[in-house]
Amino acid sequence: MTSQGQVLIFDTTLRDGEQAPGASMTGEQKLHVARLLDQMGVDIIEAGFPISSEGAFNAVHSIAREVRNSTVAALSRAVREDIDACVRALEPARRKRIHTFIATSPIHMRYKLQLSAEQVYERVIDSVTYARRFCDDVEWSCEDGTRSEPEFLYRCFEAAIKAGASTVNIADTVGFTTPEEFFDLITGIREQVPGMEKVRFSVHCHDDLGMAVANSLSAVRAGARQIECTINGVGERAGNASLEEVVMAMKVRAAAYGVRTNVKTEHLKQLSKAVSEYTGFVVPPNKAVVGANAFAHESGIHQHGVIMNRNTYEIIDPAEVGSGESSLVMGRHSGRHALQLKLRQYGVDLGGNAFEEVYRRFKLMADDRKAVSDGEILALVKTHAGLN
Ligand code: KIV
Ligand code: ZN
């Protein structure tokens, strides 16, 4: 299964994303995000953690009723009561998945779960076996997998597969791993765990060291064929791997990764805006793919390049991610080419001296502000170029 070139996108904006402090969304907002994700072609939407609250349960239930094409997943701990809540919440879904997890690292087992490794191992078998009674599509995740003993991980993965999991996921819960180390860990798991070739290998990366996207892509090189991610990278602490970044990296660098996804990327900007508005998390202007400056150029050299041929300074066509067209921001680094173009867009064609005077005035103005608006440029023309 892992040799196929299709990477499934598992969006967890509505579950892990919403767990970010201050990011909670209303049921209606979640439903709207789920509809957009469904239209965009996301393979799996993790709609929530039904046992955690009545609101979470209801959100999963209404998303399960509404979503047409994506599989709807619900999260549970390795506890039967949690799994029962998932079963009830997912009841109306056309395609459903129970996602059950347990921590496998020494620190989590000892201090958080207060269980021995053998008890955790038994819970893996019990939770997956129990979930399979209700659902053919069961995903098992090892929480804090990257800080777990590899030999113990191998045993747990094997047990989950034997118990009937069709997707197995390793979580870099605290964003601790590095691309090289993750590649080796995944290679080891794929080589050592019997039955791995029958299931889909998934990864779930957090961004504590700013490497969630790089780690996810490294995992794809090592044979992972599902990435768990969130819109705008929202999520616990520093967030999760950003969906728009992993998807566009695999699209733009298809030759390097040799994989594809089902995501219709022209929906990305719309989703980013919706999630930003609903969570209140502002997207930084320099954010890759969906930031306001992702396709904006201010410096004269770059503007000239883009005017001559967009590909000089853009590796993504903004229309491909639903961002319209690139823009030339007129500021202190801008040059004559951009000013000429801007004036021509407004039907203003200035001769040599008049243009030089407007350019000089524009530079003076740009020196003491961040950007000069089109209106201000047209006012300069009016005042200093002798036009009406
Ligand atoms: O980060 C994590 O470990 C998780 C699991 C529930 C997969 O979100
Ligand atoms: Zn997580």
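The set of residues in region 252-288 being closer than 24 Å to residue 31 by Cβ and of a type in the set (A, V, I, L, M) consists of 263, 268, 271, 274, 275, 282, 283. Against the numbered list (1) charged (D, E, K, R); (2) within 16 Å of ligand 2 (Cβ to nearest atom); (3) farther than 27 Å from residue 141 by Cα, residue 228 comes up short only at (3).
Taken over region 22-51, the criterion of being within 14 Å of ligand 2 (Cβ to nearest atom) and more than 18 Å from the chain's Cα centre (by Cα) is satisfied by 49 alone.
Checked against (1) more than 11 Å from ligand 1 (Cβ to nearest atom); (2) surrounded by fewer than 22 Cβ atoms within 10 Å (Cβ to Cβ), residue 160 passes all but condition (2). Taking region 311-335 as the range and being of a type in the set (D, E, K, R) and either modelled with pLDDT of 95 or more or surrounded by 15 or more Cβ atoms within 10 Å (Cβ to Cβ) (or both) as the test, the residues that pass are 314, 317, 320, 332. In this structure, residue 171 does not qualify as buried (at least 22 other Cβ atoms within 10 Å of the Cβ), away from ligand 2 (no atom under 16 Å from the Cβ) and at pLDDT 95 or above.
If you check residue 251 against the conditions, is it touching a Lys or Arg at 6+ places or on another chain (Cβ under 8 Å), away from ligand 2 (no atom under 16 Å from the Cβ) and either outside the structural domain of residue 171 (by TED's automatic domain parsing) or closer than 21 Å to residue 44 by Cα (or both)? Yes: the conditions hold for residue 251. For region 137-156, enumerate the residues that are within 14 Å of ligand 1 (Cβ to nearest atom) and either assigned to a helix (DSSP H, G or I) or over 22 Å from residue 7 (Cα atoms) (or both). Selection gives 144, 145, 146, 147, 148, 153, 156. Here residue 123 fits the description: charged (D, E, K, R) and without any contact (Cβ under 8 Å) to a residue 60 or more places away in the chain.
What about residue 146, is it in the same structural domain as residue 216 (by TED's automatic domain parsing), crowded, with 17+ Cβ neighbours inside 10 Å and out of contact with any helix residue (DSSP H, G or I) (no Cβ under 9 Å at 6 or more places or on another chain)? So residue 146 fails the test. Within the option set 217, 243, 268, being buried (at least 21 other Cβ atoms within 10 Å of the Cβ), within 13 Å of the chain's Cα centre (by Cα) and within 16 Å of ligand 2 (Cβ to nearest atom) holds for one residue only, 243. Here is a list: 224, 241. Which entry is within 16 Å of ligand 1 (Cβ to nearest atom) and touching a residue at least 40 places away in the same chain (Cβ under 8 Å)? After ruling out the rest, the residue left standing is 224.
For region 274-292, a residue qualifies if it is of a type outside the set (A, V, I, L, M, F, W, C) and either buried (at least 19 other Cβ atoms within 10 Å of the Cβ) or in contact (Cβ under 8 Å) with a residue 12 or more places away in the chain (or both), and the qualifying residues are 276, 278, 279, 280, 287.
The values are calculated or read from the model by the stated rules, or taken from the named source; none is laboratory data. Just so we're clear, the structure is a prediction, and the values are computed from it rather than from any experiment. When we count neighbours, we look across all protein chains shown, and the Cβ atoms used for this are built from the backbone with ideal geometry, even at glycine.
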